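The values are calculated or read from the model by the stated rules, or taken from the named source; none is laboratory data. For clarity, every value in this text was computed on a predicted model and none was experimentally measured. Neighbour counts run over all protein chains shown; Cβ positions are idealised from the backbone, glycine included.
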Amino acid sequence: MKDPAPVGIGLYGGNGHQIQSLLDERPLARLVAFAGLPRAALTERQRCDPLVREYPDLDGLLQNPQVELVSLCSPRRADQAQDALRCLAAGKHVYAEKPCAMTEEDLDRVIAAATRGPARFHEQAGTAFWQPYRAMRAVMESGVLGDVVQVIAQKSYPYHDGRPQDEAVDGGLIMQAGVHGVRMVEHVALQTIIEVQAFDTVWGNPRSGELRMAATLMARLANGGLAAITANYLNPPGFGRWGNDQLRIYGTRGMLESVDDGTRTRLIVGPEDRGPIAVTEPAVEYLDLYLRALRGLGTMPFSLEEELHPTRVVIRARASAARFRTVTSPAG
């Protein structure tokens, strides 16, 4: 059987987790064009490839017939939904940095355009397929914890001066970091959030601006349970890892946890401490699932609405936090 042709990929923007470093060793991927990021950001192989074309803007890139899929890390996240719609209208598939949209209206427009086809859309939504979350998801699918009553998730990153004070640039704390916590609840603990309320604060921001340094989301689950999600830019250098992720899932029969950025797990069922869970399978790169689906070699693990529901939740959470901002600083 003949190997499928690689998907021709165009990169637009470098504001976030652009995927150039993932492409060289993937037979199903071939970089053919880029715009909005410096050539120096490409790998050495990509810089030396005479078939990789550089364009001054997204419109130019979309004219390249070899581009099948556009990876979006738009210069301003607030513009990314419109960029996605332009790509879809041009018949290009889209793989978008999170958050892919910053309003529900824009999110609905993207979903509607992708549903009409023929171009497809996905967000970089693979949190549940990192390890140990992939193994935790398998435990949850087994039903060993019984009914889930409460989920507690944390996403903590360090602060650095490059973090934008304007949320329109990267989406802001709740939407670009807190979304991982929501995915832990929905895609790992397998619980759908039906109601969310949030608080955030600029307290601790070393600069003058609107960068939120910490946020807390409180959520009600479809099964009647509850979730609490925290996100912050307060991970100290002494922790030794870029992120400090925590996830605890409490059910009627036991508890499952991952702490210290996934380095330790524990499963307790009734009186039995089963210790760390087995993490025997490798992590799965969400891009690989997408590329395989585009070539008819597999299907995506979620419907588009399921995949993007965490984004919908953080859009609502951010709006909730804005309503509760009665004091902008301790001295205000």
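Odds and ends about this structure:
- Boolean, Arg212 is among the basic types (Lys, Arg) and within 18 Å of Gln176 (Cβ to Cβ): yes
- Applying the criterion of being hydroxyl-bearing (Ser, Thr, Tyr) and in contact with a helix residue (DSSP H, G or I) (Cβ under 9 Å, 6 or more places away or on another chain) to the residues of region 285-300, the residue that is farthest from Leu23 (Cα to Cα) is Thr299.
- Whichever residue in region 220-229 is surrounded by 18 or more Cβ atoms within 10 Å (Cβ to Cβ) and under 19 Å from Val259 (Cα atoms) and, among such residues, is farthest from the chain's Cα centre (by Cα): Ala227
- Of the candidates Glu195, Glu210, Glu186, the single residue that is closer than 17 Å to Arg325 by Cα and acidic (Asp, Glu) is Glu210.
- Gln176 vs. criteria surrounded by 15 or more Cβ atoms within 10 Å (Cβ to Cβ) and touching a strand residue (DSSP E or B) at 6+ places or on another chain (Cβ under 6 Å): no
- Qualifying residue in region 206-219 (condition: farther than 30 Å from Gln165 by Cβ, free of Cβ contacts under 8 Å to residues at least 24 places away in the same chain, surrounded by fewer than 20 Cβ atoms within 10 Å (Cβ to Cβ) and not β-branched (Val, Ile, Thr)): no
- Test: residue in region 281-304 that is more than 25 Å from Val94 (Cα to Cα) and basic (Lys, Arg): no
- The C-beta contact set for region 230-259 (first residue over 23 Å from Gly275 (Cα atoms), second residue surrounded by 15 or more Cβ atoms within 10 Å (Cβ to Cβ) and of a type in the set (Val, Ile, Thr), distance under 7 angstrom, 6+ apart or interchain) comprises Thr230/Thr216; Ala231/Ile174.
- Test: Asp166 is crowded, with 23+ Cβ neighbours inside 10 Å, touching a residue at least 12 places away in the same chain (Cβ under 8 Å) and closer than 22 Å to Arg325 by Cα: no
- Annotation note: of Arg53, Arg86, the sole residue that is more than 19 Å from Leu107 (Cβ to Cβ), free of Cβ contacts under 8 Å to residues at least 40 places away in the same chain and not assigned by TED's automatic domain parsing to the domain that holds Ala168 is Arg53.
- Criterion (in a helix (DSSP H, G or I) and among the aliphatic types (A, V, I, L, M)) met by exactly one of Ala283, Ala317: Ala317
- Elements of type helices (runs of 4 or more DSSP H) contained in region 125-240, each with 3 or more residues being within 20 Å of Met255 (Cα to Cα): 133-142, 178-183
- Within the span defined as region 190-205, one or more residues are surrounded by 13 or more Cβ atoms within 10 Å (Cβ to Cβ), closer than 28 Å to Asp161 by Cα and acidic (Asp, Glu).
- Condition met for Ile268 (at pLDDT 95 or above, crowded, with 24+ Cβ neighbours inside 10 Å, among the β-branched types (Val, Ile, Thr) and farther than 21 Å from Gln124 by Cβ): no
- Which numbered condition Lys98 misses (of (1) without any contact (Cβ under 8 Å) to a residue 40 or more places away in the chain; (2) crowded, with 22+ Cβ neighbours inside 10 Å): (1)
- Restricting attention to region 14-41 and to residues that are aliphatic (A, V, I, L, M) and without any contact (Cβ under 8 Å) to a residue 24 or more places away in the chain, the residue that is nearest to Pro65 (Cα to Cα) turns out to be Leu31.
- Any hit, region 147-155, residues being in the same structural domain as Asp260 (by TED's automatic domain parsing), in contact (Cβ under 8 Å) with a residue 60 or more places away in the chain and touching a Ser or Thr at 6+ places or on another chain (Cβ under 6 Å): yes
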